[in-house]
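This report refers to the structure that appears directly beneath it.
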Amino acid sequence: MMAGTLHAARNVVKSHTDAFNAFTSTGDGPPIRERIDTTRLDTRVELIAAAAGADAKFLRHAVATGARGIVLQALGQGNVPPAMLDGVREAVAENVVVVVASRCAQGSTAPHYGYPGGGVTLADAGAIFSGGLPAPKARIKLMVLLGAGSSPEAIRACFERPGS
């Protein structure tokens, strides 16, 4: 509840830095309720933003310093610069869960483009797509799932469930 408006956690975003009614809801349809049974969060989940010219150094650093999960804030429907792709492959090979979210305010992620770093190649590398969850919310969900002891397969199923 903000400024007299009730928002679903999945859809609410802060859309203004200091306005009284700074929070708005995006998306449509009924709010989706999801319960993940856990008593702890695994905070070893890094959020790494993709940008023009970015490479794999932050992915490699996350793996080297003990990350259990990485959320990639990707471009468009879930694409990164080609130089980031090997970092995704290396992270997955080290059993680090990689979730691809978008930096766009609305819409969902999906593997559509086949160039190196495109969604198809990220999926082939073992990355999981966040659906319609933006990166900060995908990070929280991944922290909860890892804290619950979920396997990579269970995490994939949870993110890929319709409406997730």
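The values are calculated or read from the model by the stated rules, or taken from the named source; none is laboratory data. Only a predicted model underlies this, so the values are computations on that prediction, with no experimental measurement involved. Note that each Cβ is placed from the backbone with ideal geometry, even for glycine, and that neighbours are counted across all protein chains shown.
Every residue, every condition in (1) of a type in the set (Asp, Glu); (2) within 23 Å of Leu142 (Cα to Cα); (3) modelled with pLDDT of 75 or more, yes or no:
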residue: Thr5; (1), (2), (3): no, no, yes
residue: Arg10; (1), (2), (3): no, yes, no
residue: Val13; (1), (2), (3): no, yes, no
residue: His16; (1), (2), (3): no, no, no
residue: Ala22; (1), (2), (3): no, no, no
residue: Thr26; (1), (2), (3): no, yes, no
residue: Glu34; (1), (2), (3): yes, yes, yes
residue: Leu47; (1), (2), (3): no, yes, yes
residue: Ala56; (1), (2), (3): no, yes, yes
- Which condition number in (1) among the hydrophobic types (A, V, I, L, M, F, W, C); (2) surrounded by fewer than 18 Cβ atoms within 10 Å (Cβ to Cβ); (3) farther than 22 Å from His61 by Cβ; (4) under 10 Å from the mean Cα position of the chain (by Cα) is the one that Leu133 fails? (2)
- Message: On the basis of being in contact (Cβ under 8 Å) with a residue 24 or more places away in the chain and over 27 Å from Ile36 (Cβ atoms), does Arg103 make the cut?
- Response: no
- Query: Conditions: (1) surrounded by fewer than 22 Cβ atoms within 10 Å (Cβ to Cβ); (2) of a type outside the set (Val, Ile, Thr); (3) within 25 Å of Asp42 (Cα to Cα). Leu142 meets all but one. Number of the miss?
  - Reply: (1)
- Note on the structure: Scanning the stretch 130-164 for residues that are in contact with an Asp or Glu (Cβ under 7 Å, 6 or more places away or on another chain) and not in a loop (DSSP other than H, G, I, E, B) gives Met143, Leu146, Gly147
- Message: touching a helix residue (DSSP H, G or I) at 6+ places or on another chain (Cβ under 8 Å), surrounded by fewer than 21 Cβ atoms within 10 Å (Cβ to Cβ) and modelled with pLDDT under 95: which single residue out of Pro162, Pro116, Pro111 fits that description?
- Response: Pro111
- Query: Being charged (D, E, K, R) and part of a helix (DSSP H, G or I), is that true of even one residue in the stretch 103-113?
  - Reply: no
- Query: Can you tell me how many residues in the stretch 86-117 are over 26 Å from Thr65 (Cα atoms) and of a type in the set (Gly, Ala, Ser)?
  - Reply: 5
